[in-house]
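The values are calculated or read from the model by the stated rules, or taken from the named source; none is laboratory data. Because the structure is predicted, anything quoted here is derived from the model rather than measured. Don't worry about glycine lacking a Cβ; one is built from the backbone with ideal geometry, like all the others, and counts go over all protein chains shown. Accessible surface areas use protein heavy atoms only, side chains included; no ligands, DNA or RNA. Shrake-Rupley method; radii C 1.70, N 1.55, O 1.52, S 1.80 Å.
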Amino acid sequence: PDRLAAFQARIDAEEKIEPNDWMPAQYRRTLVRQISQHAHSEVIGMQPEGNWVTRAPTLARKAQLLAKIQDEAGHGLYLYSAAETLGVTREALYDQLLSGRAKYSSIFNYPTLNYADMGAIGWLVDGAAIMNQIPLCRCSYGPYARAMILVCKEESFHQRQGYAIMVAMCRGSAEQRAMAQDALNRFWQPSIMMFGPHDSNSTHSELSMKWKIKRFTNDGLRRKFIDATVPQAHSLGLTIPDPDLRFNEATGHWEHGAIDWDEFARVLGGDGPCNRQRLKHRRAAEAEGAWVREAAAAYAAKRRGANERAA
Amino acid sequence: PDRLAAFQARIDAEEKIEPNDWMPAQYRRTLVRQISQHAHSEVIGMQPEGNWVTRAPTLARKAQLLAKIQDEAGHGLYLYSAAETLGVTREALYDQLLSGRAKYSSIFNYPTLNYADMGAIGWLVDGAAIMNQIPLCRCSYGPYARAMILVCKEESFHQRQGYAIMVAMCRGSAEQRAMAQDALNRFWQPSIMMFGPHDSNSTHSELSMKWKIKRFTNDGLRRKFIDATVPQAHSLGLTIPDPDLRFNEATGHWEHGAIDWDEFARVLGGDGPCNRQRLKHRRAAEAEGAWVREAAAAYAAKRRGANERAA
Amino acid sequence: MSFASCDPRAAWLMRLGDTTLVLGHRMTEWLSRAPTLEEDIALANLGLDLIGQTRLFYTRACELEGGARDETDLAYRRAEPDYRNPLLVEQPNGNFADTMARHLIFAGFATPLYQRLAASCDAETAGIATRSARETTYHLRHAGEWMIRLGDGTDESHERAQAALDDLWPYVPELFEADDLDRAVAASGFGVDPSTLRDDFDAAVDDVLARARLAKPAEPRGQRGGKAGRHSEHLGHILAELQYLQRAYPDARW
Amino acid sequence: MSFASCDPRAAWLMRLGDTTLVLGHRMTEWLSRAPTLEEDIALANLGLDLIGQTRLFYTRACELEGGARDETDLAYRRAEPDYRNPLLVEQPNGNFADTMARHLIFAGFATPLYQRLAASCDAETAGIATRSARETTYHLRHAGEWMIRLGDGTDESHERAQAALDDLWPYVPELFEADDLDRAVAASGFGVDPSTLRDDFDAAVDDVLARARLAKPAEPRGQRGGKAGRHSEHLGHILAELQYLQRAYPDARW
């Protein structure tokens, strides 16, 4: 209890908690869960965009997409490393992903169906991710906060790039504009769901706020995102697929219609359009790569043996 | 020696030899080799055409190509059955193919690189095959002769169909005409090689002639093919890729330039453009289907057991 | 919802054609890769039937629409959302059990559909349906016999067959959900309401699964969207290959 | 032989660009399928370098040719025989050993090629080559390290690595065979005669194979044709995917 009070005092003083510092078991658990989910999301998130790399319409767009997916793999690595500072192994976390026990952002269970989706993902999905993640740069846990500074910097580059793709599509042919609208239609709801359930239904929130893992409520972040995004959609000449969306002059905020939380729960629960496909793909890659990882380990062991004999 | 004389007398009298008749071991071996090579050729021959089924340019062409490849699989089945009447199993023959010990027509080791190849294969490859095979309808071995009657009927349909594709290509756009000429350029030499080495270098031939397995010489059949094909090429507006090709007014035959027999030997010996690819594909299909064949066998055994218990 | 054609009859027939086109494409991917030579022939046969049905459905649709488009326009010159096949048929071939399970589901759905469509008020359509029903009756038997062999074969084949069913079952509900277009053509006596076909499907499939010693998966909420033009990621890759020559050489005549 | 451009310098640079384009495409096929996350990043890097090189080679080729075409025309709007890459780079990815063996061969060829091209009489080309040589030097090290790990790892990995080398070695000779175009650009001081690169290639590869305990395959007669526009069956499938959007939407601006 004394330790707990001291811990809370450090948090309240905006000090960073570091790996070797004492922390409540619940704090550790919450962080492991959140960081590893984030890492898994980066890894699974490579697939929907990877779906268009071989078909990217120009070499510049191909390179851009490839670089973005590479960044995502890099984020996955940073985040697994941050999680490992809390005493878990990447293998154990990865195993939770492959066995379906761990969650990842449910947005990646939607398919990418036309090239404008590469724009919509950058603009909306990375946009929503940044809203969620910028406060995490000030998270009380040091390694996580530092990883997020790097991640956010790259994500905001991706977000601008995604918007630029949308601009190009909306300035292009009628078919391209239709693709852009179609992409927005499919990704809008899943994007605003990324902020999680309404505050009234949100678990884990209170403690996370107190421990400064989380600094804003789900609804607050969602509002901020919508306020930023609606004018962008209008300037693209696109229609937000929400007939109830309206600007509230009194509050100065955009108000959205009902969100289909049943769908959110279904997709999170494994029953989205691509959940099975995403995990199957990941498992197949793991299985097919097993002999390579074994070879690398065997080679490293031989080298160690040789070095020891030489020493 | 008496049996041999009686056997030869039957052959000379144009009687058919049937599976249960006595025959010289060499006659049996020659037939097994020839029939199984032919069967293997049908099976491997599915690949170069199969390469274009998913990309066939119209539904009519797709159906036509699919039906043709299906016929080839059917020919493979007939021919393996004919070979089995000589006391070998299809599995044993198939194993010779997969292990690389058995040969198949070397023409199928060339790649199909544009859609006109589907025309050129029908026109030239099936055309050459028919020239080789029509005499086999009168082969002294009954089951082979009967199989060849059926095969030849379908092959000649394929040949006409292939020529019709060439006509359509040559009547089409400039790009299509270029594809047709390119296909002819690539398939001409391999097609005239299909008749085998010059008579002066041909092994196996003499005995095969005496036993009426074979009725015409390689060069004779090749001449017949060239005489039939050159005017067709001209009527298509295509150029035969042989600068030395000329019509001999005295003999009334077309005379071709030198054939690259080194290449023939190389491709036959396993070093053609697609030899490795073709066998790899076949082996992969066999390996991937093993569990299905095992399941079918296990099910059949269970049914037999159940029927016996019931009886 | 938007229809793929202004004429509901044409739009509905196109949907049938899209379904057989995409499944036919998947079948042709098997060519020279089947577990036996006999099965190579059989799968080619299924593919040929499907492509044949596609041509008949498309051609009649184009006639009803007024003749501005033909089968090549429909098969080769449309974008992903214009295709209105259910998601089931664009799922990858996977292993042989996956393909047979997919085909059992397809044929279990298409056979009663075509049988009822044989009573269409449009004589042409009725004729196509009669012929097609004969074909898919054979498909149903073929896929059923394989599911029984695999389900009651070895432990490995049983496991694969069950996994195939479990993986594909989420695509079953979409087949039987009637939308506005289904209801419109059923009401006019031209087409069939797919929600009326479920009992026939269950009877056929239950019989096979019982003999195969396979468990029928619990009814999932299911994945849907293809009938409204919202597909899986697979369709785009199919079209890239299928349409390539027509797209690359728009002026050619093949 | 026919050149892919009237300007031999442009034709020769296009050949380099075709090579990196096709190999780059193969690399992108690995995305999210690598044995480790680190390797996913590494393979993406190789792909990025190759696509970057492609753009530079194509762009300079288009300038030399007179500017009527651009990199998009070259990458997306040509037919199979217009591409002049050696057959090596269009071979399928296969397993990880196949990909690493292919890349060892490519980088062992491209590194000395680019190093000498850095002395091109065309300053632009020399600059591109200098930059590219730095990249492929890293590729050579990366592929070499993996071949060593696989060759000297487990029995299984050794066998796969050796099989990969054996399968790909027939595509080695084409890389080093000079044709009229190679000789023309080499003579003018613009380009490099590839037949002069074989010793460097052998030195680099021999060193890796010795450390990997892998046997260097006997020199085969080899398969060739790609540099003259006569490809394997694989290239058509690559282009169907690569070019799809440009072919399907010729009026779009991306």
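Roughly how far apart, in whole Å, are the Cα centres of region D:207-233 and region C:179-249?
Here the answer is 47 Å between Cα centres.
Under the convention of a label 7 Å out along Cα→Cβ, give the distances in nm from B:Gly142 to the same position in every other copy, shortest first.
List, nearest first: 9.3 nm.
Summed for both chains, how many Å² of accessible area, to the nearest 100, are buried between C and B with a 1.4 Å probe?
4100 Å²
Rounded to the nearest 0.05, what FRET efficiency do C:Arg198 and C:Cys121 give with R0 = 22 Å and r taken as the Cβ-Cβ distance? Could you check?
Taking R0 as 22 Å, the efficiency between C:Arg198 and C:Cys121 is 0.40.
Report, in degrees rounded to the nearest 10, the 0 to 90 angle that the Cα long axis of helix D:8-28 makes with the longest principal axis of chain D.
Tilt of helix D:8-28: around 50 degrees.
Using a 10 Å cut-off on Cβ to Cβ distances, tally the other chain neighbours for every residue of A:276-288 and report the average as a whole number.
Average neighbour count from other chains, rounded to a whole number: 3.
Once you place label points 7 Å from the Cα toward the Cβ at B:Arg160 and A:Ala13, how far apart are they in nm?
In this crude label model, B:Arg160 to A:Ala13 measures out at 9.7 nm.
I need the per residue convex hull volume for region C:8-248, using only the alpha carbons, in cubic angstrom as a whole number.
Output value, Cα hull per residue: 111 Å³.
So what's the gap between the Cα centers of region B:177-242 and region A:67-90, to the nearest angstrom?
The two parts, judged by their Cα centres, are 64 Å apart.
For the protein assembly as shown, what is Rg from Cα atoms divided by 2.2 N^0.38 Å, rounded to two decimals?
Working it through for the protein assembly as shown, the quotient is 1.01.
Suppose you put the label 7 Å out from Cα in the Cβ direction; list, shortest first and in nm with one decimal, how far B:Ala92 is from each other copy's label.
Output for B:Ala92: 6.0 nm, nearest copy listed first.
DSSP loop (so not H, G, I, E, B), at most 16 other Cβ within 10 Å: list which GluC sites (Glu not before Pro) in region B:232-311 pass both filters.
Passing sites in region B:232-311 are B:Glu249.
Can you give the FRET efficiency for A:Glu294 and D:Asn93, using 1/(1 + (r/R0)^6), R0 = 25 Å, r = Cβ-Cβ distance, to the nearest 0.05?
Calculated value: 0.80.
For region C:10-51, what is the Kirkwood hydrodynamic radius in Å, using each pair of distinct C-alpha atoms?
It is 10.6 Å.
How would chain B be classified by its alpha-carbon gyration tensor: rounded, prolate or oblate, with rounded meaning a/c under 1.5 and the a/b versus b/c comparison settling the rest?
Since a/c reaches 1.5 but b/c is at least a/b, the shape of chain B is classed as oblate.
Residues of D:217-228, mean number of Cβ from any other protein chain within 10 Å of their own Cβ, rounded to a whole number?
Taking the mean over all residues of the peptide, I get 1.
May I ask you to find the residues of region B:159-198 that are shielded by at least 30 Å² of accessible area once the whole protein assembly is considered instead of their isolated chain (probe 1.4 Å)?
The answer is B:Glu175, B:Gln176, B:Met179.
Given Cα positions, please report Rg to Rh for region B:76-233, the hydrodynamic radius being the Kirkwood one.
1.00
What are the residues whose amide H is under 5 Å from the amide H of B:His253, where those residues sit 5 or more places off or on another chain and H is modelled from the backbone?
Here the answer is B:Asn248, since their amide H atoms fall under 5 Å of that of B:His253.
Loop only per DSSP, at most 13 neighbouring Cβ atoms within 10 Å: give me the trypsin sites (Lys or Arg not before Pro) in region D:175-248, ordered by residue number.
Answer in residue order: D:Arg213, D:Arg221.
Measuring from the axis that superposes chain B on chain A, report the chain B residue with the minimal C-beta distance, rounded to whole Å.
B:Glu288, 7
Helix D:198-212: angle to the longest alpha-carbon principal axis of chain D, degrees 0 to 90, nearest 10?
That works out to roughly 30 degrees.
Using a probe radius of 1.4 Å on protein heavy atoms only, what is the accessible area buried between chains C and D, both sides summed, to the nearest 100 Å²?
Summing both chains' loss of accessible area gives about 900 Å².
Between copies, how far apart are the A:Gly220 label points? List them in nm, one decimal, shortest first, with each point 7 Å from Cα toward Cβ, please?
9.8
Using a 10 Å cut-off on Cβ atoms, rank the peptides B:173-180, A:68-75 from the highest mean neighbour count down.
For the peptides B:173-180, A:68-75, the packing ranking is A:68-75, B:173-180.
Please find, in a Gaussian network model of chain A (springs between Cα atoms separated by less than 10 Å), the residue of A:Ala60, A:Ala168, A:Ala145 whose mean-square fluctuation is greatest.
Comparing A:Ala60, A:Ala168, A:Ala145 in a Gaussian network model of chain A, the most mobile one is A:Ala60.
Between A:Ile17 and residues 5 or more places away or on another chain, which pairs have amide H atoms under 5 Å apart, with H built 1.01 Å from N, and which residues are they?
A:Tyr141, A:Gly142
Counting heavy atoms of the protein chains only and a 1.4 Å probe, report the per residue accessible area for the protein assembly as shown as a whole number of Å².
38 Å²
Using a Gaussian network for chain A with springs between C-alpha atoms less than 10 Å apart, which of these wobbles most: A:His158, A:His234, A:His38?
The residue with the greatest mean-square fluctuation here is A:His234.
How many angstrom lie between the Cα centre of region C:34-82 and the Cα centre of region D:57-122?
38 Å
Indicate the helices, whole DSSP H runs only, in chain A that combine a mean Kyte-Doolittle hydropathy of -1.0 or more with a Cα extent along their long axis of 20 angstrom or more.
Counting only whole DSSP H runs, the qualifying helices are A:25-44, A:59-84, A:142-170, A:174-193, A:218-236.
If I take the rotation axis that carries chain C onto chain D, which residue of chain C has the nearest beta-carbon, and at how many angstrom?
With distances in whole Å, chain C gives C:Arg247, 2.
With springs connecting C-alpha atoms under 10 Å apart, model chain B as a Gaussian network and identify which of B:Ala83, B:Ala295, B:Ala102 has the largest mean-square fluctuation.
Most flexible of the set in this elastic network: B:Ala295.
Want the number for D:Arg131 to D:Lys216: 0.36 nm per residue separation, take away the alpha-carbon distance, what's left?
Extra length available between D:Arg131 and D:Lys216 comes to 27.6 nm.
Please give the net charge around B:Ile11, taking every other residue with its beta carbon less than 13 angstrom from that of B:Ile11, where Lys and Arg add +1 and Asp and Glu add -1.
Within the 13 Å Cβ shell, the charges total +3.
Using only the alpha carbons, work out the radius of gyration and Dmax of region A:162-234 in angstrom.
Looking at region A:162-234, its Cα Rg and Dmax stand at 16.2, 51 Å.
Over the Cα atoms of region A:261-303, each weighted equally, I'd like the Debye log10 I(q)/I(0) at q = 0.14, 0.17, 0.30 Å⁻¹, rounded to two decimals.
-0.51, -0.59, -0.92
Quick one: grab the alpha carbon gyration tensor of region C:1-116, order the square roots of its eigenvalues as a ≥ b ≥ c, and give me rounded if a/c is under 1.5, else prolate or oblate depending on whether a/b is larger than b/c.
Since a/c reaches 1.5 and a/b is larger than b/c, the shape of region C:1-116 is classed as prolate.
Defining a contact as two alpha carbons under 8 Å apart and six or more residues distant in sequence, what relative contact order in percent does region D:8-248 show?
26 percent
Just to verify a number: FRET efficiency for B:Glu263 and D:Cys6, C-beta to C-beta distance, R0 = 30 Å, to 0.05?
0.40
Per residue of D:232-240, how many C-beta atoms from partner chains lie within 10 Å of its own C-beta, taken as a mean?
6
How large, in percent, is the carbon and sulfur part of the accessible surface of the protein assembly as shown at a probe radius of 1.4 Å?
Of all accessible area on the protein assembly as shown, carbon and sulfur atoms account for 53 percent.
Mean separation of Cα pairs under 8 Å and 6+ residues apart, divided by the residue count of chain A: what relative contact order is that in percent?
Across chain A, relative contact order equals 18 percent.
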